[in-house]
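What follows is a set of notes on a single structure, which appears directly below.
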Amino acid sequence: MSRLLVVSNRVNVPRKRQKPQAGGMAVALAGALAECGGIWFGWNGRVVEAEAMPESPEFTEVDGIGYATTPLTAMEHERYYAGFANSVLWPLCHFMPGRMQYRREDRAGYAAVNQRFARQIAPLLGGDELIWVHDYHLAPLAAELRALGVQQPIGFFLHIPFPSFGLLRAMPDWRQWLETLAHFDLITLQTPEDRRALETALVYGLGGRVVDDGIRLHDRTVRTAARPVGVEVDQLAATAAETAHSRRVQRLVSSLGQRELMIGVERLDYSKGLPNRFDAYEHLLETRRQRHGRTVFMQIASPSREDIDAYARLQETLESKAGHINGRYADFDWVPVRYLHKTFARGSLLGFYRTARVGLVTPLRDGMNLVAKEFVAAQDPEDPGVLVLSELAGAAAELDAAIQVNPNDIEGMAEAMEEALSMPLNERRDRWRSQITVLRANSLDQWWRGCLRDLEVTRPAP
Ligand code: F6P
């Protein structure tokens, strides 16, 4: 396969000889780069004053992969990252136009960072590589690279949902955003539903025409595809089995005693539907006395995007809901909710998943949700836990053997929790087997190979 230049908003440069963490997008992209060779470009997570911005990206090589990273200036961070990407596109793509906070200066800041990234990427290119761009922060990047004369195939993978055409139009300037997005040779989405939404917008919004492999627009073809991101089942299962015996996981097990654990793990983000999940748990305790003293709900919410108001407010809401439920139901030997606003190593999380009887993945909207897949992969095949999954997560299209819920139905979610907690072993095994079969068929390795094969096809014949 051709050499790669991968671009994503955030790049975590691994330390030399660091043992790779099991699973996750970072591992998939690093795997593709390790096999094909190439460079990964993006933001290194640092924010600097404009005067301290280095001219060119910092270059590091780790285990044969080049990492070209750059900081953001404080203004870029505010306008491009916290502003347009995460206060306009993020809520829009997650069905929440009411949360959008559109400012023209953020829109301009988003365009400017994409322009700067393109200027820094162009000199890194050799001539025949594939350029693979990730996520909503970078929708205008292909247009900017083309303006600099870059000829290589450029593909885009959107990790989050694509909004319906009606919703897209709630964003001022949607037409120009979509026009620039259409400069990619290939746009790959998580699900067929997202792909249809993109194609509809290209047809009705820009006057494109449906052809076999995408949309014909302005005398060129924008190819489209749907390829759900997968997980490395065997690696995850091995890590989960190993860490289940670690001291940390054993401490969790002994703290639970005979009680059953329901677990939720996500970034602290309003799209994840956490307040609804807490309300559903409260409803379970209200309506099912037999769960008192017997069930523990542990919610891990890792800090995320803390300088955006909506995220800080959510933190307060959840602390108050956890306090309220514990205040109402806790006893001298039982605390019903454990709310942890912190980050855990992936290995520990996999061990926690294996210990849990129920995994709660109930976002209001989600592109895929890899926690759902990792929860399934981490289970003990002899005694698997049950996944309760929102029908609005991309993963729901594949995992139809999970108990599917609508996250806006609090009573329905409480019923699903009860069904999961009381599910007989045979049914748990049957459902797990059916889910693991799907996960094996759509592995992470197949995902990136498929995406790159699709992109290779867009290369013009010599
Ligand atoms: O899945 C969406 C996404 O924005 C990814 O691009 C990113 O890796 C993740 O969420 C975490 O977000 P952030 O980089 O804003 O912390």
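Below is a table of values for the structure above.
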| item | result |
| --- | --- |
| Tally of residues being more than 16 Å from the ligand (Cβ to nearest atom), touching a residue at least 24 places away in the same chain (Cβ under 8 Å) and assigned to a helix (DSSP H, G or I) across the range 287-316 | 2 |
| Residue in the range 362-371 that is hydrophobic (A, V, I, L, M, F, W, C) and more than 16 Å from the ligand (Cβ to nearest atom) present | no |
| Condition met for Thr200 (free of Cβ contacts under 8 Å to residues at least 60 places away in the same chain and assigned to a strand (DSSP E or B)) | no |
| Out of Arg79, Arg107, sole residue that is over 19 Å from Phe184 (Cβ atoms) and within 16 Å of the ligand (Cβ to nearest atom) | Arg79 |
| Where a residue in the range 203-215 is in contact (Cβ under 8 Å) with a residue 40 or more places away in the chain and its partner, wherever it lies, is crowded, with 16+ Cβ neighbours inside 10 Å and among the aromatic types (Phe, Trp, Tyr), with Cβ under 9 Å and at least six apart | Gly205/Phe165; Gly205/Trp174 |
| Search result, residues across the range 55-69 that are of a type in the set (Val, Ile, Thr) and more than 15 Å from the ligand (Cβ to nearest atom) | Thr60, Val62, Ile65 |
| Neighbours by Cβ (under 6 Å, 6+ apart or cross-chain): first from the range 257-269, over 9 Å from Gly359 (Cα atoms) and touching a residue at least 40 places away in the same chain (Cβ under 8 Å); second more than 16 Å from the ligand (Cβ to nearest atom) and basic (Lys, Arg) | Arg259/Arg294; Glu260/Arg357 |
| Matching entry among Gly257, Gly264, Gly273 (being surrounded by fewer than 20 Cβ atoms within 10 Å (Cβ to Cβ) and either modelled with pLDDT of 95 or more or of a type in the set (A, V, I, L, M) (or both)) | Gly257 |
| Single match in Phe41, Phe117, Phe95 (criterion: within 16 Å of the ligand (Cβ to nearest atom) and assigned to a loop (DSSP other than H, G, I, E, B)) | Phe95 |
| Selection from the range 150-162 of residues that are farther than 16 Å from Arg223 by Cα and either within 14 Å of the ligand (Cβ to nearest atom) or surrounded by 24 or more Cβ atoms within 10 Å (Cβ to Cβ) (or both) | His159, Ile160, Pro161 |
| Matching residues in the range 401-417 - criterion: being of a type in the set (S, T, N, Q), over 13 Å from Leu360 (Cβ atoms) and surrounded by 15 or more Cβ atoms within 10 Å (Cβ to Cβ) | Asn406 |
| Selection within the range 59-94 - touching a Gly at 6+ places or on another chain (Cβ under 8 Å), of a type in the set (Gly, Ala, Ser) and surrounded by fewer than 22 Cβ atoms within 10 Å (Cβ to Cβ) | Gly64, Gly66 |
| Within the range 1-31, considering residues that are of a type in the set (Gly, Ala, Ser) and more than 16 Å from the ligand (Cβ to nearest atom), the one modelled with the lowest pLDDT | Ala22 |
| Residues of the range 368-394 satisfying the condition of being buried (at least 20 other Cβ atoms within 10 Å of the Cβ), in a loop (DSSP other than H, G, I, E, B) and in contact with a strand residue (DSSP E or B) (Cβ under 8 Å, 6 or more places away or on another chain) | Met368, Asn369, Gly385, Leu392 |
| Set Asp366, Asp400: member being of a type outside the set (A, V, I, L, M) and over 17 Å from the mean Cα position of the chain (by Cα) | Asp400 |
| The lone exception for Arg338 - which of (1) assigned to a helix (DSSP H, G or I); (2) farther than 20 Å from Pro407 by Cα; (3) touching a residue at least 24 places away in the same chain (Cβ under 8 Å); (4) of a type outside the set (A, V, I, L, M, F, W, C) it fails | (1) |
| Answer from Ala397, Ala420 - the residue that is outside the structural domain of Ala226 (by TED's automatic domain parsing) and crowded, with 19+ Cβ neighbours inside 10 Å | Ala420 |
| In the range 341-361, the residues that are part of a loop (DSSP other than H, G, I, E, B) and within 16 Å of the ligand (Cβ to nearest atom) | His341, Lys342, Thr343, Phe344 |
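Okay, residues lined up against (1) of a type in the set (A, V, I, L, M, F, W, C); (2) away from the ligand (no atom under 16 Å from the Cβ); (3) under 29 Å from Arg103 (Cβ atoms):
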site: Gly126; (1), (2), (3): no, yes, no
site: Ile131; (1), (2), (3): yes, yes, no
site: Tyr136; (1), (2), (3): no, no, yes
site: Leu148; (1), (2), (3): yes, yes, yes
site: Phe165; (1), (2), (3): yes, yes, yes
site: Leu168; (1), (2), (3): yes, yes, yes
site: Met171; (1), (2), (3): yes, yes, yes
site: Ala182; (1), (2), (3): yes, yes, yes
site: Arg209; (1), (2), (3): no, yes, no
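The values are calculated or read from the model by the stated rules, or taken from the named source; none is laboratory data. Source: prediction; values computed, not measured. Here the Cβ is made from the backbone with ideal geometry for all residues, glycine too, and neighbour counts use every protein chain on show.
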